[in-house]
C-alpha cells in the first residue's frame, strides 16, 4: 500500500513489469497486486488498472471473483473494451464468469453506443456455457427499444420462441408500450402482442 502513496500510476506500472520480467527477483504477490488493482479501479487510474489486470492474466494467478470485481468496476465507468478483454481472458484461462456478472454488465448497457457491447456480452455469456433466459432477453429487448434499434428488438422478439425462451409478462409490457407508439404496425406482430399480453 505504501507504494501507492508516492508512486504515480505510470511509475508503478513500470516497476511492476520490471519485477515480473526479472527472473532474479521474486514476482509481486498476487494478493498485493489485487489490492492495488482495486485501488486503481476505485480511483479511476485505468492505465494502471489495465496493466495490473494484464499482469495477473499473464501470471495466471487470479480467480473468478477477482476478475469479476475488476470487470464490474470497468463496466461501471464505461470501459467496455477492457470489459470484453477481461471476459475473453478469463474464459481462455479456463475459468467461468458467473451468470450474475453477465446480468450486471447487460443491465449497465443503457446508451446507443453500448448496444454493440451488450450484444458481445450476450454472446460471451453463451460461450461461457450460460444459457440465455427470458430475463436476459428482456434486458436486451428493452435496450434495443430505448436506443431506437427497432429492427433488432423485433428480431429478438420473434426469435425468443425459436430459442426455447418463453416470453413473460415483462416482455409483453415492453412490447405493448412500443405497440401503442406504432412501432410494430408493419411487422405483423401486433396481434400476437395483444393476444398474448391479455393472457398474461
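At-a-glance table
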item	result
Criterion: at pLDDT below 80 and buried (at least 19 other Cβ atoms within 10 Å of the Cβ) - qualifying residue of 41, 83	41
Test: residue in the stretch 2-24 that is surrounded by fewer than 14 Cβ atoms within 10 Å (Cβ to Cβ) and at positive phi	no
Residue in the stretch 177-200 that is over 30 Å from residue 90 (Cα atoms) and modelled with pLDDT of 90 or more present	no
Within the stretch 161-177, tally of residues that are assigned to a helix (DSSP H, G or I) and surrounded by fewer than 19 Cβ atoms within 10 Å (Cβ to Cβ)	7
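Rundown of residues vs (1) free of Cβ contacts under 8 Å to residues at least 12 places away in the same chain; (2) under 30 Å from residue 58 (Cβ atoms); (3) surrounded by fewer than 18 Cβ atoms within 10 Å (Cβ to Cβ), yes/no style:
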{"residue": "88", "(1), (2), (3)": "no, yes, yes"}
{"residue": "99", "(1), (2), (3)": "no, yes, yes"}
{"residue": "102", "(1), (2), (3)": "no, yes, no"}
{"residue": "122", "(1), (2), (3)": "no, yes, no"}
{"residue": "139", "(1), (2), (3)": "no, no, no"}
{"residue": "159", "(1), (2), (3)": "yes, no, yes"}
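The values are calculated or read from the model by the stated rules, or taken from the named source; none is laboratory data. Every value quoted in this text rests on a predicted model; they were computed, and no experiment measured them. Here the Cβ is made from the backbone with ideal geometry for all residues, glycine too, and neighbour counts use every protein chain on show.
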